[in-house]
Structure formats: structure tokens, C-alpha cells
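Student: After the C-alpha cells below, expect a handful of questions from me.
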Amino acid sequence: AGILLGLLVIKPQMGLLLPFALAAGRHWRTFFAAAVTVLVLCVVSYGFFGLEGWTAYLERASVLRATILEDGTGVWHRMVSIFVAAKQLGVGLETAYVLQAAAAVFAALTVIAVWLSQVPSPLKYAVLVVGGFMATPYLQDYDLVVVLFVVIWIYQAVPQNAERVGLSSPYGRAIIAGLIMLPMIAAPIGKLTGVSVGGILIAGTYAYLLHLSLRLRKVPMRQVMDAKS
């Protein structure tokens, strides 16, 4: 597991909260396996290509940021982060950065809290994935295909508690339906409306997952597994 998580270094913005979750959950072997994997990949990269690729990327990072995030002409509708959603709602550039930073800090703190709690494990995984979406400004619609796992984890976590936690409510069903459809509808709706609805739906989804976590924080995993069987 640590090796697989370490491979995310090729797309590091998708794994920003992994160290916090692994440390909070005391998964130290996985934590260090991931860290060693990252180190090995960096060393191998240096061995094959030297430092030129790294330095060139750092030199051009500001251009990339300005083109994709701050300007975003032609690509913004595929971006579904909190930052882009704020910008498309008319928020100024500096304020959008502040909101994105606040979302990242909030996501990190809540992921730590959930992974320290007695929440059923599948719900911890869901919170980590969607919290990771909250934390990064670089998020495109095709990155959202993993939300199908989030849907599965939600149903695994609440088999006997659907009514109590509101999973069968209209709001709960709307969240699930929105998650399933989000990778397909985020870009078209964004382009049609001029608003990055993906970022708004992700924020709503994360709030819902935190609500589930609060309601299920005292449900032991044994009860969840018994209900599944």
C-alpha cells in the first residue's frame, strides 16, 4: 500500500493529505514505505535525467500557474477546485487564493480528526479522497473518476444506519447521484453556466461526509461488518 501511495508523487497534488491521514491513523509502515518510494523515484529520475528537468519545471511553474489557474482561458470549465469555483463566482484572485488555502487547512484538520476517531474505516477513506479534492487548486474533471470508490465506501460504512444518518433522504440521494455523475457533467455544466459547479459540489459532498462521520463516530467496525454479512 505504501509503495502504491508513493507512486502518487508523479501527480503530487492528488496526495497532499496522505501523510496527515497515515500519521493520524498510525499507519507508520505504510507511511515510511510511501516516503521511501518517493525518494527512490526522485533518485532514479535524477540518475536518468539529471537536475535539468527539475530546474526547468521550477522555472516554468509560475507560467503554468498563471495559464491554468489564474487565466484558465479554454480550460477553466474542466477545473473543479475551490479556487476556480471562487474565481468563476467573481471573487478576486488574491481572495480566491485565500479561500483555497483556508479550504486546504480545513480539509487537513478534519481529515486528521476523522482518522483519529472511531469512524468506520470506509468512511475514513472517503473523507481522505474528497478532502484531498478540497485541498488542491489543481483539480480537473477526469481526476474525479475515483469518486465511484467514495460512493462504495459510503454504502459500506452505513449499512444499518442509512435512515439515522440521512443516506436515504433526498439530500443524501442527491449527493450520491451527483458524485456518480460529476466526472461527466462538471465540464459541460461549467461551460454552459460560466460557473465551476464541480468545486461547489465537492464542497457540499465534503460537508456531507463530515456529517456522516459525526453521526457514525461511535459505530464500531465489527457492527458494520456484521451488517454487511
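Student: Ignoring ligands, DNA and RNA, what percent of the 1.4 Å accessible area of the chain is carbon and sulfur? Please report the intermediate quantities before stating the final value.
Tutor: Details: 8680 of 12400 Å².
Carbon and sulfur atoms account for 70 percent of the accessible area of the chain.
Student: Counting other C-beta atoms within 10 Å, and keeping those with at most 15, which DSSP coil chymotrypsin sites (Phe, Trp or Tyr not before Pro) do you find in segment 67-133?
Tutor: Numbers: sites: Trp76, Phe83, Tyr97, Phe106, Trp115, Tyr125, Phe133; in loops: none.
Those that pass, being in a loop and sparsely packed, number zero.
Student: If you don't mind, there's one more thing I want to ask. Only Cα pairs under 8 Å and at least 6 apart count here; give the relative contact order of the chain as a rounded whole percent.
Tutor: Details: 278 pairs, mean separation 57.3, N = 229.
So the answer I get is 25 percent.
Student: To continue, here is another question. Rounded to the nearest Å, what's the spacing between the alpha carbon centres of segment 2-57 and segment 90-122? Just the number, please.
Tutor: Taking the Cα centre of each part, segment 2-57 and segment 90-122 sit 21 Å apart.
Student: What does the extension gain come out to for Phe49 and Val36, with contour length at 0.36 nm per residue minus their alpha carbon separation?
Tutor: Full extension of this stretch gives 2.7 nm more.
Student: Between Leu7 and Thr193, with labels modelled 7 Å along Cα→Cβ, what's the label distance in nm to one decimal, could you check?
Tutor: 3.6
Student: For Tyr142 and Ala207 in the same chain, what is the full-extension length gain: residue separation times 0.36 nm, less their Cα-Cα distance, in nm? Show your work: numbers first, answer last.
Tutor: Working: separation 65, 0.36 × 65 = 23.40 nm, distance 2.19 nm.
Gain in length upon complete extension: 21.2 nm.
Student: Mind checking the log10 I(q)/I(0) for segment 1-157 at q = 0.21 Å⁻¹? Debye, one equal scatterer per Cα, no solvent, two decimals.
Tutor: Listed by q, the Debye log ratios stand at -1.36.
Student: How much accessible area per residue does the chain have, in Å², with a 1.4 Å probe? Please report the intermediate quantities before stating the final value.
Tutor: Values: 12400 Å² over 229 residues.
On a per-residue basis, the chain sits at 54 Å².
Student: Grab the beta carbon distance between Ile185 and Ala102, set R0 = 35 Å, and tell me the FRET efficiency rounded to 0.05.
Tutor: Details: r = 27 Å, r/R0 = 0.76.
E between Ile185 and Ala102, to the nearest 0.05, is 0.85.
Student: Just from its helices, what would the mean residue ellipticity at 222 nm be for the chain, if runs of 4 or more DSSP H residues each count -39500 (n - 2.57) and the sum is divided by every residue, rounded to the nearest 500 deg cm²/dmol? Let's see the in-between values first.
Tutor: Details: 12 runs with 161 residues, N = 229.
Calculated at 222 nm, the ellipticity per residue is -22500 deg cm²/dmol.
Student: How much net charge surrounds Val111 when only the other residues with a Cβ under 15 Å from the Cβ of Val111 are counted, with Lys and Arg +1 and Asp and Glu -1? The partial results should precede the final answer.
Tutor: Working: positive: Arg26, Lys124, Arg217; negative: none.
Every neighbour counted, the sum reads +3.
Student: Using a simple charge model, +1 on the beta-carbon of Lys and Arg, -1 on the beta-carbon of Asp and Glu, nothing else, what dipole does the chain show about its Cα centre, in debye to the nearest 20?
Tutor: Details: 16 positive and 9 negative charges, 162 e Å.
It works out to roughly 780 debye.
The values are calculated or read from the model by the stated rules, or taken from the named source; none is laboratory data. Please read all numbers here as calculations on a predicted model, not as lab measurements. Using ideal geometry, Cβ is built from the backbone for each residue, glycine included, and neighbour counts are taken over all protein chains shown. Protein only, heavy atoms only, side chains kept; ligands, DNA and RNA dropped before computing areas. Shrake-Rupley method; radii C 1.70, N 1.55, O 1.52, S 1.80 Å.
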